[in-house]
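The values are calculated or read from the model by the stated rules, or taken from the named source; none is laboratory data. Here the structure is a predicted model, which means the values were calculated and not measured. Positions of Cβ are generated from backbone atoms using ideal geometry, with glycine treated the same way; all protein chains shown enter the neighbour counts.
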């Protein structure tokens, strides 16, 4: 069965520092992968997606992610974090013929001033 | 830009009462979904709906839950007799079927007292 693992429950970085959030997936075929961001009490905002092609994907708000098939990973990166990036980040993979999404458990990002 | 809408944004109900959560998917989309997010937890798949029938449901989606597309625009989730543990954010999503990107609504926060 498809699954998504986000190993880091909480991450704290200083404003201006670089960021990498990890995501590992388990899926037999070519995965369709997503990163979403959620502020407290709010909905899900799509940051970026990977369907095929170039393995380095650019998203909104200065985020990028790299698909590495050999490592079954789709890690999210940002070179310089802003205080407004503090939120919860979810990785997701499309699972099965009904195109349902399987979400990871999320990583809560805290940004220090 | 077309978007998925959900009403109400917040619903408070007493345990044992029936609730109906409403969604208006994007008009030319063919696949419809409900997801649930208990506070502080990950987003979980509930059910997918295609061609006027349920195409997949999770183990969470028991006999207390039902979905319906009563007309050409609305997609509803009914909980017949709410329990305290049904308190969560419920997200509706739709997909046009040409790729795998679902479009999420802003969510309905359900509070069961």
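Brief remarks on what is shown
- Qualifying residue in the range B:72-92 (condition: at the interface with another protein chain (Cβ under 10 Å from one of its Cβ atoms) and modelled with pLDDT under 95): no
- When the criteria are applied in full, residue B:52 meets the requirement of being over 19 Å from residue B:6 (Cα atoms) and more than 12 Å from chain A (Cβ to nearest Cβ).
- Residue within the range A:46-60 that is buried (at least 19 other Cβ atoms within 10 Å of the Cβ), outside any strand (DSSP E or B), within 14 Å of chain B (Cβ to nearest Cβ) and modelled with pLDDT under 95 present: no
- No other residue among A:69, A:77 is away from chain B (no Cβ under 14 Å), farther than 18 Å from residue B:37 by Cα, modelled with pLDDT under 95 and surrounded by fewer than 18 Cβ atoms within 10 Å (Cβ to Cβ) apart from A:69.
- Positions within the range A:1-29 being within 14 Å of the chain's Cα centre (by Cα), over 19 Å from residue A:71 (Cβ atoms) and in a loop (DSSP other than H, G, I, E, B), in sequence order: A:9
- Residue within the range B:25-40 that is under 14 Å from residue B:107 (Cβ atoms), within 11 Å of another protein chain (Cβ to nearest Cβ) and surrounded by fewer than 16 Cβ atoms within 10 Å (Cβ to Cβ) present: yes
- Residue within the range A:85-97 that is farther than 24 Å from residue B:56 by Cβ, in contact with a helix residue (DSSP H, G or I) (Cβ under 6 Å, 6 or more places away or on another chain) and away from chain B (no Cβ under 14 Å) present: no
- Applying the set (1) in contact with a helix residue (DSSP H, G or I) (Cβ under 9 Å, 6 or more places away or on another chain); (2) within 22 Å of residue A:98 (Cβ to Cβ) to residue B:33 leaves exactly one unmet item: (1).
- Number of residues in the range B:82-97 that are more than 16 Å from residue A:101 (Cα to Cα) and part of a loop (DSSP other than H, G, I, E, B): the value is 3.
- Filter pass, residue B:45 being within 11 Å of chain A (Cβ to nearest Cβ) and either outside any strand (DSSP E or B) or under 29 Å from residue A:109 (Cα atoms) (or both): yes
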